[in-house]
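> Below you'll find the structure I mean.
The values are calculated or read from the model by the stated rules, or taken from the named source; none is laboratory data. Keep in mind it's a predicted model, so treat the numbers as computed, not measured. Reconstructed Cβ throughout: ideal geometry from the backbone, glycine too, with neighbour counts over all protein chains shown. Note: accessible area is taken over every heavy atom of the protein model, side chains too, but ligands, DNA and RNA are not part of it. Shrake-Rupley method; radii C 1.70, N 1.55, O 1.52, S 1.80 Å.
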Amino acid sequence: MLKNIDLTREVPKPEYKRLKAEADLKLAALQRKSKALGIPIVVVFEGWSAAGKGTLINEMILPLDPRGFSVYSTRDPTEEDTFYPFLWRFWKRTPTRGRLAIFDRSWNRRVVADRVAGLMKGEGLRQAFDDIRSFERQLSDEGVVIVKCFLHISKSEQRRRFEALRTSPATAWRVTKEDLWQHERYNEYLGATEHMLTETDADYAPWTIVEAHDRRFATLKIFNTVINALERGVAAVERKAEAPALPAHDPVSAGNIFKTSALDHVDLSKSLTAEAYAARLKKAQAELRELEHEIYLRRVPVVIAYEGWDAAGKGGNIRRLTQNLDPRGYEVVPVAAPNDIEKAHHYLWRFWAQMPKAGHITIFDRTWYGRVLVERVEGFCTEAQWRRAYREINGMEQHLAHFGAVVLKFWLHIDPDEQLRRFQEREGMSHKQWKITDEDWRNREKIGQYREAVEEMLYRTSTLYAPWTIVESNCKRHARVKVLETVCKAIRKRIG
């Protein structure tokens, strides 16, 4: 692939000046248009050391409004970064709608530099490619325009540039040991790069190889690539805005009810006596306290997700789960409706920001599954968005599992009669009235639609690496012990 590219291509200076002036105006206009339409943009620069990434990034941003973009220089992960999944630091830097994020090297570094260094191989390499493809597809599906450029120069050209830089004390510092190490292993890097380009090239995030021997030629090719991508992105948004609205999809009236029986087979008569509850609760809490210490020593992150019917007992369940834990080792994240900043990002962005670092536990009181539950039923997202979310959620949870996280998901299940009893009990007790809202009653009126959404969620997102556990919760004592014992069992299995 790269070996056959013609690196001798050049652009005469007069022609370059004319074309560059035109490109500057086009790119600036497209930046303003993208901002107005709320289109987020990601531009990735990869390439050989001394290929000119810094210079070409500077050329690209000169005509842009500096208030509308950020440039991120990606180097080796910090110690803090290593405590999180490798895509975590890139998720944090994904742009809000209407902004441009430029990456000087990116997530692809992992499958090239780390691979040549022997830090990434075999199953780990395959998983890394899966994670990268999933990440880029999630961004693209949410409307992010992704442009990826690889700046290519020959080994002899790289040597010439290194020698030129090292002749002057003012520039010699720019040639690092890592650069020289790459040059010595040019052919190894070449093979790893070609594999990376093949594995991560997709119609939603294509690679453009930039012949970088001639700076003028490279500059124009990058400008044209970015301009073409933004023009396609703008056209797609404008077509969508002009398209006639389709009638709302009604799965019930259309006879398209998702038929599963996961909830039908739940035995809600399961219960525990007060004596059995006290004994098992104490034992499980003591074990979990010990396991919390073990996962800290072994740097194992744990993600615990709670979903369930209103009044199913999530709050009390979480209190018993955390009652005996060291508060420095866990965090409980209550999930409410997204704020304006969160709405300006991909819907998974706010959850990535809350994921635990290695050795810690994060407990989510409601989760990313709101996209396929409340947002689906209440019409807060389109049908295409919530249908796509199953794949996106599975991809995120798989990336957590690839990192070594224990991912546990609990659906707290009660029947409608028990829910009604608890609602009425809350209304009748002054110290519990804050727990019942008009929204709870409105949700109850749509229990059929919510049940259908829950069934499909359980079916499509229960995986070997992140299984759902349905918790029989008519008896709160049984539910609390089941969650605790399930968490202990999963952590024991993970740490051996």
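> Quick test for you: out of THR78, THR82, pick the one residue that is assigned to a loop (DSSP other than H, G, I, E, B), of a type in the set (Val, Ile, Thr), open to solvent by 30 Å² or more (accessible area, probe 1.4 Å) and within 24 Å of GLN182 (Cα to Cα).
Going through THR78, THR82 in turn, the sole match is THR78.
> Here's a follow-up. Among the residues of region 234-287, which ones are in contact with a helix residue (DSSP H, G or I) (Cβ under 6 Å, 6 or more places away or on another chain), modelled with pLDDT of 95 or more and open to solvent by 70 Å² or more (accessible area, probe 1.4 Å)?
Residues satisfying the conditions are LYS270, SER271, ARG280.
> What are the residue pairs meeting all of these: first residue in region 431-444, first residue closer than 14 Å to ARG421 by Cα, second residue in a helix (DSSP H, G or I) and open to solvent by less than 70 Å² (accessible area, probe 1.4 Å), Cβ atoms under 6 Å, and 6 or more apart or on different chains?
LYS432/ARG426; LYS435/ARG426; ILE436/PHE423; ILE436/ARG426
> Also, quick follow-up: Looking at TRP411 and the list (1) surrounded by fewer than 14 Cβ atoms within 10 Å (Cβ to Cβ); (2) closer than 26 Å to THR322 by Cα; (3) touching an Asp or Glu at 6+ places or on another chain (Cβ under 9 Å), which single condition is not satisfied?
Just one mismatch for TRP411, condition (1).
> Here is a follow-up. Restricting region 467-491 to residues that are small (Gly, Ala, Ser) and buried (at least 22 other Cβ atoms within 10 Å of the Cβ), which is farthest from ALA405 (Cα to Cα)?
Ranking the candidates gives SER473 first.
> Counting only residues that are under 31 Å from the mean Cα position of the chain (by Cα), at positive phi and exposed (fewer than 14 other Cβ atoms within 10 Å of the Cβ), give me the helices (runs of 4 or more DSSP H) lying completely in region 118-194 with at least 1 of them.
122-141
> Of the numbered conditions (1) in contact with a Ser or Thr (Cβ under 8 Å, 6 or more places away or on another chain); (2) in a loop (DSSP other than H, G, I, E, B); (3) not acidic (Asp, Glu), LYS20 fails exactly one; give the number of that condition.
Here LYS20 meets the rest and fails (2).
> Pairs, please: C-beta under 9 Å, at least 6 apart or cross-chain, first residue more than 14 Å from SER156 (Cα to Cα) and in region 176-187, second open to solvent by 60 Å² or more (accessible area, probe 1.4 Å)?
Pairs found: GLU178/ASP76.
> Here is a check on your reading of the model: is THR219 crowded, with 17+ Cβ neighbours inside 10 Å, among the hydroxyl-bearing types (Ser, Thr, Tyr) and more than 28 Å from the chain's Cα centre (by Cα)?
So THR219 passes the test.
> May I ask you to verify whether ARG89 is of a type in the set (D, E, K, R) and either open to solvent by less than 30 Å² (accessible area, probe 1.4 Å) or over 18 Å from the mean Cα position of the chain (by Cα) (or both)?
Here the answer is no, as ARG89 does not meet what is asked.
> Could you identify the single residue in ILE57, ILE39 that is aliphatic (A, V, I, L, M), part of a loop (DSSP other than H, G, I, E, B) and in contact (Cβ under 8 Å) with a residue 24 or more places away in the chain?
The unique qualifying residue is ILE39.
> Follow-up. Residue pairs, Cβ under 6 Å, 6 or more apart or interchain, first in region 155-171 and touching a residue at least 40 places away in the same chain (Cβ under 8 Å) and within 17 Å of LYS53 (Cβ to Cβ), second open to solvent by 40 Å² or more (accessible area, probe 1.4 Å) and part of a helix (DSSP H, G or I). List them.
Sorted first by the residue in region 155-171, then by its partner, the pairs are LEU165/ARG174.
> Let me ask something else about it. May I ask you to verify whether ILE102 is touching a Phe, Trp or Tyr at 6+ places or on another chain (Cβ under 7 Å), of a type in the set (A, V, I, L, M, F, W, C) and assigned to a helix (DSSP H, G or I)?
no
> Using the structure shown, decide if ILE447 is surrounded by fewer than 20 Cβ atoms within 10 Å (Cβ to Cβ), modelled with pLDDT under 95 and within 27 Å of the chain's Cα centre (by Cα).
no
> Then there is this: Among the residues of region 3-14, is there at least one that is assigned to a helix (DSSP H, G or I) and open to solvent by less than 40 Å² (accessible area, probe 1.4 Å)?
No, the conditions are met nowhere in region 3-14.
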